[in-house]
Amino acid sequence: MVMFLFLVIALAVVVAAVTLAVVGGGESGPLPEVAPERLQDPLPADRPVDRADVESLRFPVAPRGYRMADVDDALGRLAAELAERDSRISDLESALAGARAAAAHPRQDKPEQQQEERR
């Protein structure tokens, strides 16, 4: 008997809650459209993109949006390629600086070799 009374009271509470939700929630109309999320930290326009820019870039999550794992993989690959590119550029610039320095200072031969070349 106690269990039956408990079930009747629980059912009355659920019915009252649903009734209040339906009656009270119908006056405001549908929910307004939410503005789509925008990217908070876009890539810099005033300087070249570096590895830190790509690693800190995060896209907003949206329903029926992208798979975060795919985008994170693409960003990781892009960051690695940028780092490799920057390393290669640095190597080439140092090689070029060495070649320019060698061209600016011609080899100085021994005086004996210079005299032999004159003959």
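The values are calculated or read from the model by the stated rules, or taken from the named source; none is laboratory data. Worth saying up front: this structure is predicted, and the values here are computed from it rather than measured. Cβ: placed from backbone, ideal geometry, glycine included. Neighbour counts: every protein chain shown. Surface areas here come from the heavy atoms of the whole protein model, side chains and all, with no ligands, DNA or RNA. Shrake-Rupley method; radii C 1.70, N 1.55, O 1.52, S 1.80 Å.
Quick notes on this one:
- Lone unmet requirement of (1) modelled with pLDDT of 85 or more; (2) exposed (fewer than 11 other Cβ atoms within 10 Å of the Cβ); (3) within 28 Å of the chain's Cα centre (by Cα); (4) not acidic (Asp, Glu) for Pro36: (1)
- Residues of segment 99-119 satisfying the condition of being at pLDDT 85 or above and open to solvent by less than 90 Å² (accessible area, probe 1.4 Å): Ala99, Ala101, Ala102, Ala103, Ala104
- If only residues of segment 48-74 that are among the hydrophobic types (A, V, I, L, M, F, W, C), modelled with pLDDT under 80 and more than 30 Å from Glu33 (Cα to Cα) are counted, the one that is least open to solvent (accessible area, probe 1.4 Å) is Val54.
- Segment 66-86 residues that are within 15 Å of Leu43 (Cα to Cα), paired with ones that are open to solvent by less than 80 Å² (accessible area, probe 1.4 Å) and in a helix (DSSP H, G or I) (beta carbon under 8 Å, 6 or more apart): Leu75/Val54; Leu78/Val54; Ala79/Val54; Leu82/Val54
Yes/no per residue for (1) under 28 Å from the mean Cα position of the chain (by Cα); (2) surrounded by 10 or more Cβ atoms within 10 Å (Cβ to Cβ); (3) of a type outside the set (A, V, I, L, M, F, W, C):
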| residue | (1), (2), (3) |
| --- | --- |
| Arg77 | yes, yes, yes |
| Leu82 | yes, yes, no |
| Asp86 | yes, yes, yes |
| Ser90 | yes, yes, yes |
| Ala97 | no, yes, no |
